[in-house]
Amino acid sequence: MKKLIVSIVMIITATCVTAQDCSTYYPMIEGSNFTYTSYNKKGKTDGSVNYKITNVSVQEGSTSATMALQYFDAKGKEILTSDYNFSCNGNSVKIDFESLLSSQMLKQYEGMEMDISGTDIELPNDLDVGQGLADANVAVKVNMSGITMNIAIDMVNRKVEKKERITTPSGTYDCYVIYSENKTKMMVANKTFPSRIWFSEGIGMIKQESYHPNGKVINSSVLSAFSK
């Protein structure tokens, strides 16, 4: 079940004044690159993920783009590629619910017949401490040799917890900290894992941590490199 914990990375970036005005926290510049280094519960490097903004377009006041992902293990070997979509309407950004799926899950069921549905993740432009945010979810049906397995991930109790200044290998950032609880349901196993994401204006996610119910860190990731 731990392998299904979501490292929810929501990064986005902009290509013109119209796209820049669309989102406070998700600039959208085609070709922008973000690299996140992942760490295990002991603080040791567990791998990395590279995100690249592709196919940015603006139509009738809405900006949409695709995020291409490359997952690497601790030795730098590429283990998986994926992508998801996001859009901005000037008031908020919506990130494809498929981004809730962990790299481990995608790799485990790669090549199998999958039916995916859900509700997108939304981040308003006007964040404020104490603000509640809408829930998001993804439901997956996997066909395994005629047997259907159902998996559900719900992101609930989302709220803007505080403001905090943090430093990562890529720099120092003023951030809003968003707390959520990620509930995973698979077969008869139900688990809830709290999570926090640090967002900085004009860049997106700077840091992410997932926790056991007792508050101990399970895994984390930080922005280690960024370029436009």
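The values are calculated or read from the model by the stated rules, or taken from the named source; none is laboratory data. What you see is a predicted model; the values in this text were computed from it and never measured. Neighbour counts are summed over all protein chains in view; Cβ atoms, including those assigned to glycine, are modelled from backbone coordinates with ideal geometry. Keep in mind that these areas ignore ligands, DNA and RNA; they rest on the heavy atoms of the full protein, side chains included. Shrake-Rupley method; radii C 1.70, N 1.55, O 1.52, S 1.80 Å.
Working note: 222 nm ellipticity from helices only, DSSP H runs with n ≥ 4, each -39,500 (n - 2.57), summed and divided by the residues of the chain, gives -1000 deg cm²/dmol to the nearest 500.
Counted residue by residue at 0.36 nm each, then reduced by the alpha carbon distance between them, the extension gain from residue 149 to residue 60 reaches 28.0 nm. Under a 5 Å amide H cut-off, with hydrogens placed 1.01 Å from N, residue 80 pairs with 71 among residues at least 5 apart or on other chains.
Placing a pseudo-label 7 Å from each Cα along the Cα-to-Cβ vector at residue 112 and residue 188 gives an inter-label distance of 1.9 nm. The residues of region 126-194 present an accessible area of 54 Å² per residue when probed at 1.4 Å with all protein chains retained. For region 127-228, relative contact order (Cα pairs under 8 Å, six or more residues apart, normalised by length) works out to 20 percent. Using a 1.4 Å probe over the heavy atoms of the protein chains, calculate the carbon and sulfur portion of the accessible area of the chain as a whole percent. The C+S portion of the solvent-accessible surface of the chain is 45 percent. Shown here is the pair-distance distribution of region 91-228: with all Cα-Cα distances grouped in 10 Å bins from zero up to the longest one, the shares run 11, 37, 34, 15, 3, 0 percent. The slack between residue 218 and residue 134, meaning 0.36 nm per residue of separation minus the straight C-alpha distance, is 27.8 nm.
3J(HN,Hα) couplings calculated from phi for region 123-131 with the Karplus curve 6.51 cos²θ - 1.76 cosθ + 1.60 (θ = phi - 60°) are, in sequence order, 10, x, 6, 9, 6, 8, 4, x, 5 Hz; Gly and Pro show x. Taken over region 157-209, the convex hull of the Cα atoms encloses 87 Å³ per residue. Rounded to the nearest 20 debye, the dipole magnitude of region 20-97 is 520 debye, with +1 charges on Lys and Arg beta carbons, -1 on Asp and Glu beta carbons, and the Cα centre as origin. Other residues whose C-beta falls under 15 angstrom from the C-beta of residue 30 contribute a net charge of +1, scoring Lys and Arg +1 and Asp and Glu -1. Around the Cα centre of the chain, unit charges on the Cβ atoms of Lys, Arg, Asp and Glu (plus for the first two, minus for the last two) sum to a dipole of about 1120 debye.
Using a Cα-Cα cut-off of under 19 Å, which lysines could be cross-linked to residue 162, ignoring same-chain neighbours fewer than 8 residues away? The qualifying lysines are 207. About the centre of its Cα atoms, region 93-228 shows a dipole size close to 460 debye [charges on the beta carbon of Lys, Arg (+1) and Asp, Glu (-1) only; nearest 20 debye]. Taking the Cα atoms of region 70-154, the ratio Rg/Rh between the radius of gyration and the Kirkwood radius comes to 1.06. Here's the picture: charge each Lys and Arg Cβ at +1 and each Asp and Glu Cβ at -1 in the chain, and of 51, 64, 117 the one pushed furthest to the positive end of that dipole is 51.
Sequence-distant contacts, meaning Cα pairs under 8 Å at least 6 residues apart, place the relative contact order of the chain at 20 percent.
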